[in-house]
Structure formats: C-alpha cells, structure tokens
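Enquirer: Got a structure for you, questions after.
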Amino acid sequence: MRQIVSMKRLLLSILFFLISFIGFSQSLEIVGIAKDGARGVAGATISLIKDGVVVETRATSSNGRFLFYLEYGSDYEIRIEKDGYVLLTAEVDGSLPDVATPEDLTMDFYINMIAQPKSGNEYSFDKPVAKVNFQLDIYGFDTDLDYEDMITDEIRELEQKIREEDKAFE
C-alpha cells in the first residue's frame, strides 16, 4: 500500500513539473504565408536557421502556410525556396526589451515570392526581404517598416527586370 501511495506521489510530482515547465516556456509563434500574387505557394521549403545552423525545415501547405515557434533571445533567419522562384530570406530578432514580459505572442508573416524568368535564367536577391523585431508601440513583433521602405525599390527593380526578360522571351 505504501508503495502505491509513493508511486502516486511520484507521478503527481512529475505531472506537476511537466505542467509547470510547459506553462512557463513562452515563445514567438510565426504564422507565415508564402504568396505569389494573391495565391499561396504550396510546397515551398521553409528553413529556420539559428546561429548558422538549420534547426527546422518544413514545406508550405497547399495554401502556402507555415508555422514556427521561436525562442526569445535568439536571432533567426527564415529561408524560403522553391524551384522556379528566387530564394528569399528574412531575419527575426527574437530579443525582448527589458520592459517586455516574456509571453506567448503570435505574428502573421507574409512573404511575396518572386518567380524566376521563363527564359531559365536564375536571379538572386542577397538581402533579407524583411526584418522582424519587437515593436514597443504595438507591444509585439512586426516587420521593420523602415527597412521595408528601404528595400522595396530594390525588390521592385528585380521584379521589373524579370518582367522585361519574360516579355523579351515570349
């Protein structure tokens, strides 16, 4: 009888520990969509890179969706690739300011894929298409709009170059 009571206490202690651990492990949930125009891009490979090492890889769903849970305090690169498209990257700064309390946060993240030209030539884009960090004004994570403004013209130039090549190819 004592052994059963001791075993129950042990199991309850382990259960309590696991519930406590799960309850205190906050993370940033990235809910992403890889898009080509208005439609999602199915089957794109999304890699999550931390400290130069791929820590997770998954494929986008039939509507282009993907999901990652990121630890606070780390920097990440998200790499999006699919045959027929330019390889794109985004940076996520997972650090929290001292005034922020770690809690589960969710961020919607959209990546507009860039189709390679029909000629078979391959283009690249060497800069991140987005940078994500904590924004105090919304008390959450979002894309850095100043960076987005800065990079938009370069992305449009690449898209224009590909459109012109496609037009000449036809």
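The values are calculated or read from the model by the stated rules, or taken from the named source; none is laboratory data. Computed from a predicted model, the values in this text were never measured in an experiment. Neighbour counts run over all protein chains shown; Cβ positions are idealised from the backbone, glycine included. Keep in mind that these areas ignore ligands, DNA and RNA; they rest on the heavy atoms of the full protein, side chains included. Shrake-Rupley method; radii C 1.70, N 1.55, O 1.52, S 1.80 Å.
Enquirer: D for the stretch 51-170, whole µm²/s, Stokes-Einstein with Kirkwood Rh over alpha-carbon pairs at 37 °C and 0.692 mPa s: what number?
Expert: Diffusion coefficient, whole number: 203 µm²/s.
Enquirer: While we're on this one: Enter the accessible area per residue of the stretch 64-170 (Å², integer; probe 1.4 Å; all protein chains in place).
Expert: Working: 6460 Å² over 107 residues.
Computed with neighbouring chains in place, this is 60 Å² per residue.
Enquirer: With a point put 7 Å past each Cα toward its Cβ, work out how far residue 123 is from residue 139 in nm, to one decimal.
Expert: My value for the distance between the label points is 4.2 nm.
Enquirer: Can you give me the relative contact order of the stretch 22-79 as a percent, contacts being Cα pairs under 8 Å and 6 or more apart?
Expert: Relative contact order for the stretch 22-79 comes out at 42 percent.
Enquirer: Taking the Cβ-Cβ separation of residue 158 and residue 26 as r and a Förster radius of 25 Å, what is the calculated FRET efficiency to the nearest 0.05? Can you show the working numbers first?
Expert: Numbers: r = 37 Å, r/R0 = 1.49.
Efficiency at R0 = 25 Å is approximately 0.10.
Enquirer: Still on this structure: Projected onto the charge dipole of the chain (+1 at Lys/Arg Cβ, -1 at Asp/Glu Cβ, origin at the Cα centre), which of 143, 117, 33 gives the Cα projection farthest towards the positive end?
Expert: 33
Enquirer: Would you grab the residues whose amide H sits under 5 Å from the one on residue 44? Only those 5+ places off in sequence or on another chain, please, with H modelled 1.01 Å from N.
Expert: Here the answer is 60, since their amide H atoms fall under 5 Å of that of residue 44.
Enquirer: Under a straight-distance cross-link criterion of Cα-Cα below 16 Å, which lysines are reachable from residue 167, leaving out those fewer than 8 residues away in the same chain?
Expert: 118
Enquirer: Ok, one more. With a 1.4 Å probe and all protein chains left in place, how much of the accessible area of the chain comes from carbon and sulfur atoms, in whole percent?
Expert: 53 percent
Enquirer: While we're on this one: Report the equivalent ellipsoid semi-axes for the stretch 57-121 in whole Å, largest first, defined as the square roots of five times the eigenvalues of the gyration tensor built from alpha carbon atoms.
Expert: Square roots of five times the eigenvalues give 30, 13, 9 Å.
Enquirer: Could you pull out every one of the lysines with an alpha carbon less than 20 Å from that of residue 131, ignoring same-chain neighbours closer than 8 positions?
Expert: Within the straight-line limit of under 20 Å, residue 131 reaches these lysines: 35, 50.
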